[in-house]
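Enquirer: Provided herewith is a single structure, encoded as structure tokens, for subsequent inquiry.
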Number of protein chains: 2
Amino acid sequence: MKKINKNFLKDSHFITELKLCNIRLIDNSKFPWIILVPKRKNTTDISELSSKDQILLMKEIVYASKIMKKTFKAFNLNVEKIGNIVSQLHIHIIARSQKDSSWPLSVWVVKKKIYFREGLSKTIKKLKKNFGV
Amino acid sequence: MKKINKNFLKDSHFITELKLCNIRLIDNSKFPWIILVPKRKNTTDISELSSKDQILLMKEIVYASKIMKKTFKAFNLNVEKIGNIVSQLHIHIIARSQKDSSWPLSVWVVKKKIYFREGLSKTIKKLKKNFGV
């Protein structure tokens, strides 16, 4: 299992471990936002995963999507593999609301705002519960 | 098969049809950019596809990713399901270069620039060739 990138450790919080991916909450109180980080070495693109892992990734995206939708009553989900800055493969799943700070634009057009301590622990708790941790 | 959304028709050009998705080139000369549009009615989220279609979507994302990488010698690929404005399910695949106009930021932070006629037909031709059309 590849060591997790330092940026992830700094900007996100561990929620749970699935078969392929670790799930982490991104520390940005503007959007309920998780990342799925496949536990595979030297992988920057989905196409570099084995076929089996690609299917597993799709299953875990769908599983996590349903939990994000339910947990945050999301109007829409953004599911994104970017990786321009941190190249280690990771998939963003962001619960969007029509009232959030960048709707209907991308989350990338606004600056992040980290959680206050209480909001952070509440969000982590809620997510862990719904991921069955 | 669902009629294709009007915005897609206006802002993109047909490249080819795969088993699940139509592939269209986005008319933005700043980035080599395609969308995959699953030929399924009333679908806005990946999780609404059948399990079979989810796997097919992953396969077509990987297939199209490899072609985008090769065709445009991409340094990195951004693969994104957004759908805040056009809700009909579609996946963006964008070939990124370290010299493009928003690197390393998201493509969503810069305004689009439509192709000149010649550049457009060249890009369509190149893509069709590599998709085996």
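The values are calculated or read from the model by the stated rules, or taken from the named source; none is laboratory data. All figures in this text were calculated on a predicted structure; none of them were measured in a lab. Cβ coordinates were reconstructed from backbone atoms using ideal geometry, including for glycine residues, and neighbour counts include every protein chain displayed. Heavy atoms of the whole protein, side chains included, go into the accessibility calculation; ligands, DNA and RNA do not. Shrake-Rupley method; radii C 1.70, N 1.55, O 1.52, S 1.80 Å.
Enquirer: Before we move on, is B:VAL133 modelled with pLDDT under 95 and either away from chain A (no Cβ under 11 Å) or assigned to a helix (DSSP H, G or I) (or both)?
Expert: yes
Enquirer: Out of the residues in region B:24-43 that are assigned to a loop (DSSP other than H, G, I, E, B) and of a type in the set (Lys, Arg), state the one that is farthest from the chain's Cα centre (by Cα).
Expert: Taking the candidates together, the pick is B:LYS41.
Enquirer: Sticking with this one: Across region A:59-76, what is the total count of residues that are among the small types (Gly, Ala, Ser) and facing another protein chain (nearest Cβ under 9 Å)?
Expert: 1
Enquirer: Please enumerate the residues belonging to region A:77-93 that are in a loop (DSSP other than H, G, I, E, B), of a type in the set (S, T, N, Q) and at the interface with another protein chain (Cβ under 7 Å from one of its Cβ atoms).
Expert: Passing the criteria: only A:ASN84.
Enquirer: Is it true that A:LEU49 is within 9 Å of chain B (Cβ to nearest Cβ), surrounded by fewer than 19 Cβ atoms within 10 Å (Cβ to Cβ) and not basic (Lys, Arg)?
Expert: It is false that A:LEU49 is within 9 Å of chain B (Cβ to nearest Cβ), surrounded by fewer than 19 Cβ atoms within 10 Å (Cβ to Cβ) and not basic (Lys, Arg).
Enquirer: Continuing with the same structure: Scan region A:7-14 and tell me whether some residue there is assigned to a loop (DSSP other than H, G, I, E, B), closer than 22 Å to A:ARG96 by Cβ and at pLDDT 95 or above.
Expert: no
Enquirer: Another question, then. Cβ-Cβ under 8 Å, sequence separation 6+ or interchain: first residue in region B:50-77 and more than 21 Å from A:ILE61 (Cα to Cα), partner open to solvent by 80 Å² or more (accessible area, probe 1.4 Å). Which pairs?
Expert: B:THR71/B:LYS126; B:PHE75/B:GLN98
Listed here are the residues, each with its yes/no results for (1) buried (at least 17 other Cβ atoms within 10 Å of the Cβ); (2) polar (S, T, N, Q).
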residue: B:PHE8; (1), (2): yes, no
residue: B:LYS41; (1), (2): no, no
residue: B:ASP53; (1), (2): yes, no
residue: B:LYS73; (1), (2): no, no
residue: B:ASN76; (1), (2): yes, yes
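Enquirer: Here's another thing I want to ask about it. Criterion first (open to solvent by 70 Å² or more (accessible area, probe 1.4 Å) and of a type in the set (Lys, Arg)) does A:LYS69 satisfy it?
Expert: no
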